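Step one of this worksheet: look at the structure below.
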Amino acid sequence: MSEKLTSKQLSKKITDEYMEEAFHAHELGKLIGYSTAISPVELFVAHDIIPIYPENHAVANLTAKKGAELCSVVESMGYTSHLCAYARSDLGYRATGKTVTRGIPDPDLFLACNAQCFTLTKWFQVLARKGNLPVFVFDTPEYVMDKKAREAIVKYCVLQLKELISFLEEVTKKKFDYDRLKEVMKYSAQSSILYKKFLDMAQYKPSPISIFDALIGMAIAVYRRGTPECVEYYQTLCDEIQVKVDQGIGVLPKEKEKYRLYWENLPVWFKFSDHAKLLGSYGGVILTSLYVHAWSFEFDLDKDPLLTLAENYVSRFSNSTIEDRATMALDLFKRYSMNGMIMFMNRSCKAVSFAVPTLKDVLTKRTGIPALVFESDMGDQRFYSETQIRTRIEAYFETLDRLQVKTT
């Protein structure tokens, strides 16, 4: 009997098998579809199209501090430095072939969902034009608060999903299998429940996970949704974290966990481990963000699959009103007992960052907790000021310390 794999081993195995299949897709009679990280990928999986995420590949290069090098190449080609670092590093990889991984296979088609951001759509359109390849844009209007408007938006998105299915049938010359979609949806629903359970384990004191664990664990939810191996991975991960909870093991020891922090925006990928260590030295643990929760879907299997897909993909935080984003964040503050917040103004991701000043004001007013706001870039080191940010973090924790003294 073979020994049960750990979540880390399972993640590597799933990723290796996934990429191996992708690089041999045509030999297996399958196509490669480039997809944005937030998109109804279940339709790809059900139709035997292997989803590939240029964003994930970009993250690997940015985390390895290759952002400035790759982005500089693209800027010399005439692209502005104000574009998303994901897009710039990806275009830089295509121009130079430089990557810290084995790269990603070339696409046969594109699916761009603008619930996440508008740059992705243009980035995919540039790639599609270069290869003269088909691209489908899944348009998701901002998910407004009015109930009647929301119903109209969901109805519009269901119609687009039907158009997407027709698009896939036309590209592949194969009839779409709705029974297969229902099976895929079952796996997506199961893995989403487990992924959310994993994220919510940050509620425990001391917290057994930080946002850095959540970001690492998030990868399988992004690119393996709709598969049984995704369910297996999150069940294994939840079981492992539960053991830590039962034993009282935290990211920091209970007596050292002073500040349970909220993070707004994407991470600064190239400072990943540095930030974890720096904040930990002050007794701070970043527990969560709306970003990591963007993949904690709640698929209703009693509904028409296209309806529950539309409801989920249109309502992500990045496609919601500022009021709704604040409500989502406040819910996390309450459930996770957070007493600090770091708000990242990310020059690469304007779609997420434009709301940060208002969100900061709303969250501080509602919670009474001061916020640290800093500006940088998620992937391009040229826009990160080490000394300035370290000084601001130090000053922020001094403020929190003074507040803690006053309230005790």
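Every number in this text was worked out from the coordinates using simple rules, so none of it is lab data. Computed from a predicted structure; not experimentally measured. Glycine also receives a Cβ, built like all others from the backbone with ideal geometry; neighbour counts cover every protein chain displayed.
Structural remarks
- For the chain, adding -39500 (n - 2.57) for each run of n ≥ 4 DSSP H residues and dividing by the number of residues yields -17500 deg cm²/dmol at 222 nm.
- As a proxy for reagent exposure, ranking R88, R335 by other Cβ atoms within 10 Å from fewest up yields R335, R88.
- Electrostatic tally near V137: other residues with Cβ closer than 12 Å to its Cβ, Lys and Arg +1, Asp and Glu -1, net -1.
- Only Cα pairs under 8 Å and 6+ residues apart enter the sum, and on that basis the relative contact order of the range 295-408 stands at 20 percent.
- Local electrostatic count, A351, Cβ distance below 13 Å [Lys/Arg +1, Asp/Glu -1]: +4
- Percent of Cα pairs in the range 287-348 per distance bin of 10 Å, from zero to the largest separation: 18, 44, 29, 9, 0.
- Spread over its residues, the convex hull of the C-alpha atoms of the range 161-313 is 125 Å³ per residue.
- With Cα atoms as the point set, the range 7-407 shows a radius of gyration and Dmax of 20.9, 69 Å.
- The value of relative contact order for the chain, using C-alpha pairs under 8 Å at least six residues apart, is 18 percent.
- One quarter of the surface of the convex hull around the alpha-carbon atoms of the range 119-184 equals 6.1 nm², the direction-averaged projected area.
- Net charge dipole size for the chain [Lys, Arg +1 and Asp, Glu -1 on Cβ; Debye, nearest 20]: 940 debye
- Tail beyond 21 Å, pair distance distribution of the range 78-193 (Cα, percent): 56 percent
- Electrostatic bookkeeping for L266 treats Lys and Arg as +1 and Asp and Glu as -1; over the other residues with beta carbon under 11 Å from its beta carbon, the sum is -3.
- Relative contact order, whole percent, for the range 127-242 stands at 23, derived from Cα pairs under 8 Å and 6 or more residues apart.
- Cβ-based charge dipole, the range 7-407, positive-most Cα from L111, Y195, A214: A214
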